[in-house]
Amino acid sequence: MNIHRVNQATPGASLGIASVTSWRGKLRAVFLRSEAIRGYTLLSPTLVVMMFGMCAPFAIMVAVSFWTQHAFDFDTTFTLGRYQDVIDKPIYMALMLRSLAISGACTVVTVLLAYPMAYYVAFHVHRHKLIWIILMTLPFWTSYLLRVFAWKVILGFNGVINSGLKGLGLIEQPLEFLLYSPTAVVITLAHAWAAFAILPIYVSLEKIDRSLLEAATDLGDGPVKRFLGVTLPLSLPGIIAATLLIFIPTVGDYVTPALVGGPSGIMLANNIQAQFGKVNDWPMGAALAMAMMITVAVISVVYIWVTRKAAGRIV
Amino acid sequence: MTTKGARPDTVVSFRNASKYYGDVVAARNLDLDVASGEFLSFLGPSGCGKTTSLRLIAGFDQPSEGEVFLQGECVNGVPAYRRPVNMVFQHYALFPHLNIVDNVAYGLKQRSPKPSSKEIGQRVNEVLELVQLGGFDYRRIWEMSGGQQQRVALARALINKPKVLLLDEPLAALDRKLRREMQIELQNLQRNVGITFILVTHDQEEALSMSDRVCIMRDGEIVQIGSPLDLYDRPKNRYVADFVGKSNFFDGAVEHKNKSTIDIKLDGGSTVALKANADSNEHKVGDRVCVSVRPEQVTLARNQEQLPTDCAIKAKAQVMNRIFLGEQIEYLLRDERLGEFLVRSPRQHALSERPFEINESVFVAWSRDTALVLGSE
Ligand SMILES: Nc1ncnc2c1ncn2[C@@H]1O[C@H](COP(=O)(O)OP(=O)(O)OP(=O)(O)O)[C@@H](O)[C@H]1O
Ligand SMILES: [Mg+2]
């Protein structure tokens with residue numbers, strides 16, 4: 001923008017340069033004049049990756065979901081049969097609901113745990129905020145798998161918690177619900193995704209004008225009322241972002257349930273993985289993936305809509 | 001000088017109240033009584049502790065030393081939400097997630113017991129009428145102009161019927177014309193509702209034109225409190241004289257003094273003979289002092305005969321610059337012994353009378369009881 005203005009301010013000079021330096025100058029002039037061209041140029045690496053890395057595979061998957069698997073071949077006649085299966089076969093519905101439940105629980109737990117942390121840093125830390133933020137993202141410095149295995153060690157039959165409790169004489173048998181259960185999946189996912197909740201909530205809290213809080217206090221709000229009347233509604237964008245950032249990826253997670261979920265903690269994504277692998281029914285897998293994507297999209301849109309509506313009425 | 005406790009007829013009192021932020025002294029030994037129904041202004045340059053004083057009253061900050069009283073009771077340690085005062089914030093601090101009605105009603109809804117929604121609606125309408133915002137009801141905050149937001153902020157603070165309304169530079173963000181209008185409106189409002197107003201400003205014109213009393217501050221301390229007229233005519237020292245209105249200062253020393261006159265030898269060589277009064281009596285012969293003369297108190301004339309006979313000083317000066325101010329003309333004059341000084345003279349009555357031209361020589365005088373003798377601090 002600045003360069004643009006400078007050029008306008010000295011039309012003679014820029015014209016002179018353009019006529020002397022031929023096509024390069026002209027190209028440069030076009031480039032400088034059009035904001036759209038500059039924008040797309042900046043975006044181009046991402047656009048290329050998106051095209052080949054996302055859009056193309058997505059299109060292929062949509063196509064495959066309408067086909068039928070015959071041994072090692074595809075019957076490419078159009079059919080809605082796989083989608084019919086998603087609805088008709090109880091196993092898929094059950095897995096879908098379990099995925100949503102586990103991921104939903106994980107989202108709630110994560111946001112509830114992340115909010116106080118973000119709140120603390122935003123309002124009660126005055127120096128070295130950056131260090132606190134970095135410390136909170138520390139779990140991300142190790143690999144995802146390593147973190148899952150760490151939880152396995154903590155939650156296992158002879159893990160940290162069970163042996164600790166046994167050592168204290170509080171329990172005789174190890175707590176079995178800890179590992180290989182939906183609980184284990186929720187705990188592991190919540191820990192793994194915590195930073196994704198803390199950061200957006202922190203940003204939204206940090207953005208709140210402190211004089212608004214003083215205004216609420218001035219008008220008679222004690223700390224609790226003030227939180228409910230001003231802080232919470234104003235941090236809602238952060239909560240919404242955090243919720244979606246955790247819910248959407250965790251619904252489709254299959255590593256964590258596979259490692260710590262046990263039979264009762266298996267999620268739909270594990271089944272989808274199997275369809276593309278052992279079961280070798282790609283159309284079924286594709287249809288399941290599509291069904292899940294649509295469900296998540298619908299839930300997200302409804303969620304955003306409802307929270308927006310509610311935000312105006314919190315007081 | 002300081003009485004223990006607070007007089008019963010005061011709404012707000014400071015008793016030796018100080019506020020420190022680490023090493024920074026934001027307010028020092030404030031001692032002040034604000035009467036019920038009064039319009040008081042805190043006036044001073046940036047960083048002199050005006051906002052801090054206001055926050056001590058509101059309860060956002062607690063004094064490091066001394067006491068703050070509201071209606072005769074010490075409120076040290078009482079949190080802001082339990083104090084019967086409300087504040088209009090510098091940038092309004094309106095809640096962006098609420099519309100106008102909900103913003104204004106906020107204070108009422110936090111009351112316990114909560115008034116009925118009919119009652120709330122009625123009160124909201126009343127205050128919105130009061131600040132001339134009837135009919136805007138359900139607009140969003142960002143759909144309002146600066147002046148309108150200002151009114152919403154006022155309405156929101158007034159709905160609780162506070163004992164004191166605190167205003168922290170409420171008009172600073174408005175343009176000049178709107179600011180003038182709002183000043184008049186605020187003044188009328190204050191008379192109508194009868195609530196004590198405490199205003200913070202660094203605009204001396206605003207403070208002088210609106211308030212019953214002005215409290216001049218410097219470096220966290222109160223320098224002088226008084227009515228606008230008092231401050232203008234009888235400033236305690238050079239700082240106040242300089243801050244309230246414009247003034248010319250001439251340094252010098254007391255040369256001679258008796259019951260009725262005080263002669264001051266200015267550093268430039270001339271001598272001024274002023275009428276003695278209670279304030280000038282403080283200075284002894286030989287003391288370093290400073291003579292303060294308001295620009296509008298200086299008489300200008302083309303002929304020496306036109307000057308008044310009984311003058312503190314008469315001189316001949318050259319017009320260096322001339323600024324047309326409408327109802328007045330401001331001249332920058334220069335005299336060898338007095339140096340440069342400002343004079344404001346009213347437009348002559350007859351249009352045919354020409355103002356003085358640049359480089360013209362004029363006769364200057366001021367009368368014996370206009371100029372002030374101030375300590376030269
Ligand atoms: N929270 C704080 N922490 C540290 N110092 C502060 C704090 N608040 C104010 N101060 C200091 O106290 C002094 C007085 O500040 P205050 O805000 O009262 O000034 P002010 O008169 O309102 O100025 P302005 O006209 O610029 O608003 C300043 O030197 C300021 O730096
Ligand atoms: Mg201030």
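The values are calculated or read from the model by the stated rules, or taken from the named source; none is laboratory data. The shown structure was predicted, so the numbers you read here are calculated from the model rather than taken from an experiment. Glycine gets a Cβ as well: all are built from the backbone with ideal geometry, and neighbour counts include every protein chain shown.
Mind listing just one residue for me: the one in region B:143-198 that is assigned to a strand (DSSP E or B) and away from chain A (no Cβ under 14 Å) and, of those, nearest to ligand 1 (Cβ to nearest atom)?
Step one: of region B:143-198, the residues assigned to a strand (DSSP E or B) are B:164-168, B:196-198.
Add one more test, that the residue is away from chain A (no Cβ under 14 Å), and what stays is B:196-197.
Values: B:196: 20, B:197: 17 Å.
For region B:143-198, the residue satisfying everything is B:197.
Consider region B:23-54. How many of its residues are free of Cβ contacts under 8 Å to residues at least 24 places away in the same chain and either within 13 Å of ligand 2 (Cβ to nearest atom) or touching a Leu at 6+ places or on another chain (Cβ under 8 Å) (or both)?
Looking only at region B:23-54, we keep the residues that are free of Cβ contacts under 8 Å to residues at least 24 places away in the same chain, and these are B:23-24, B:47.
Narrowing the set further to residues that are either within 13 Å of ligand 2 (Cβ to nearest atom) or touching a Leu at 6+ places or on another chain (Cβ under 8 Å) (or both) leaves B:47.
Counting residues in region B:23-54 that are free of Cβ contacts under 8 Å to residues at least 24 places away in the same chain and either within 13 Å of ligand 2 (Cβ to nearest atom) or touching a Leu at 6+ places or on another chain (Cβ under 8 Å) (or both) gives 1.
Give just the number: which of (1) touching a residue at least 40 places away in the same chain (Cβ under 8 Å); (2) more than 14 Å from every other protein chain (Cβ to nearest Cβ) does residue A:177 not satisfy?
Every condition holds for residue A:177 apart from (1).
Would you confirm whether or not region B:217-237 contains a residue that is part of a helix (DSSP H, G or I), of a type in the set (Val, Ile, Thr) and closer than 29 Å to residue B:162 by Cα? Break it down into steps so the answer makes sense when it comes.
Kept after step one, since they are part of a helix (DSSP H, G or I), are these residues of region B:217-237: B:228-233.
Remaining after also requiring of a type in the set (Val, Ile, Thr): none.
No - not one qualifying residue is present in region B:217-237.
Identify all residues within region B:134-148 that are under 24 Å from the mean Cα position of the chain (by Cα) and more than 16 Å from residue B:189 (Cα to Cα); write none if there are none.
Within region B:134-148, B:146 is the sole residue that qualifies.
Scan region B:156-173 for residues that are more than 16 Å from ligand 2 (Cβ to nearest atom) and either under 18 Å from the mean Cα position of the chain (by Cα) or buried (at least 18 other Cβ atoms within 10 Å of the Cβ) (or both) and jot them down.
B:156, B:157, B:158, B:159, B:160, B:162, B:164, B:165
Is one or more of the residues making up region A:183-205 facing chain B (nearest Cβ under 8 Å) and part of a helix (DSSP H, G or I)? Break it down stepwise before answering.
The first filter runs over region A:183-205 and keeps only residues facing chain B (nearest Cβ under 8 Å), leaving none.
No, every residue in region A:183-205 fails to be facing chain B (nearest Cβ under 8 Å) and part of a helix (DSSP H, G or I).
I need every pair where a residue in region B:202-220 that is of a type in the set (Gly, Ala, Ser) has its Cβ under 7 Å from the Cβ of a residue that is in a loop (DSSP other than H, G, I, E, B) and within 12 Å of ligand 1 (Cβ to nearest atom), sequence separation at least 6 or different chains.
Going by the 7 Å Cβ cut-off, the qualifying pairs are B:220/B:48; B:220/B:49.
Can you find a residue in region A:199-213 that is hydrophobic (A, V, I, L, M, F, W, C) and without any contact (Cβ under 8 Å) to a residue 12 or more places away in the chain?
Within region A:199-213 (the criterion being hydrophobic (A, V, I, L, M, F, W, C) and without any contact (Cβ under 8 Å) to a residue 12 or more places away in the chain), the answer is no, since none of the residues qualifies.
I need a count of the residues in region B:55-102 that are more than 16 Å from ligand 2 (Cβ to nearest atom) and of a type in the set (Ser, Thr, Tyr).
Number of matching residues: 2.
Considering only region A:208-312, give the helices (runs of 4 or more DSSP H) lying wholly within it that have at least 1 residues that are away from chain B (no Cβ under 13 Å) and out of contact with any helix residue (DSSP H, G or I) (no Cβ under 9 Å at 6 or more places or on another chain).
Once the helices (runs of 4 or more DSSP H) in region A:208-312 are filtered for at least 1 residues that are away from chain B (no Cβ under 13 Å) and out of contact with any helix residue (DSSP H, G or I) (no Cβ under 9 Å at 6 or more places or on another chain), what remains is A:282-311.
Out of curiosity, is residue B:54 within 18 Å of the chain's Cα centre (by Cα) and away from chain A (no Cβ under 14 Å)? Quick ask: steps written out before the conclusion?
Working: within 18 Å of the chain's Cα centre (by Cα): yes; away from chain A (no Cβ under 14 Å): no.
Answer is no for this residue.
Inside region A:113-178, counting only helices (runs of 4 or more DSSP H) that do not spill past its ends, which hold 1 or more residues that are hydrophobic (A, V, I, L, M, F, W, C) and closer than 30 Å to residue A:208 by Cβ? Break it down into steps so the answer makes sense when it comes.
Working: elements: A:129-136, A:144-155, A:160-167.
The qualifying helices (runs of 4 or more DSSP H) are A:129-136.
Only one of (1) away from ligand 2 (no atom under 16 Å from the Cβ); (2) modelled with pLDDT of 90 or more fails for residue B:1. Which number is that?
Going through the list (1) away from ligand 2 (no atom under 16 Å from the Cβ); (2) modelled with pLDDT of 90 or more, residue B:1 breaks only (2).
Of all residues in region B:18-51 being more than 20 Å from residue B:243 (Cα to Cα) and within 14 Å of chain A (Cβ to nearest Cβ), which is surrounded by the most Cβ atoms within 10 Å (Cβ to Cβ)?
Top of the filtered list is B:21.
Could you list, in sequence order, all residues of region B:48-84 that are away from ligand 1 (no atom under 12 Å from the Cβ), more than 14 Å from residue B:11 (Cα to Cα) and touching a helix residue (DSSP H, G or I) at 6+ places or on another chain (Cβ under 7 Å)?
Across region B:48-84, the qualifying residues are B:59, B:63, B:80, B:81.
Write out, first by first residue and then by second, each pair whose Cβ atoms fall under 7 Å of each other, whose residues are 6+ apart or on separate chains, and whose first residue, in region B:85-114, is more than 8 Å from every other protein chain (Cβ to nearest Cβ) and without any contact (Cβ under 8 Å) to a residue 60 or more places away in the chain while the second is basic (Lys, Arg) and crowded, with 23+ Cβ neighbours inside 10 Å.
B:103/B:156; B:104/B:156
Just one of the numbered conditions (1) crowded, with 19+ Cβ neighbours inside 10 Å; (2) within 11 Å of another protein chain (Cβ to nearest Cβ) is not true of residue B:69; which one?
Here residue B:69 meets the rest and fails (2).
Kindly establish whether residue B:10 is within 13 Å of ligand 1 (Cβ to nearest atom), of a type in the set (S, T, N, Q) and under 21 Å from residue B:213 (Cβ atoms).
No.
Could you tell me which of the residues B:253, B:315 is over 33 Å from the mean Cα position of the chain (by Cα), hydrophobic (A, V, I, L, M, F, W, C) and outside any helix (DSSP H, G or I)?
B:315
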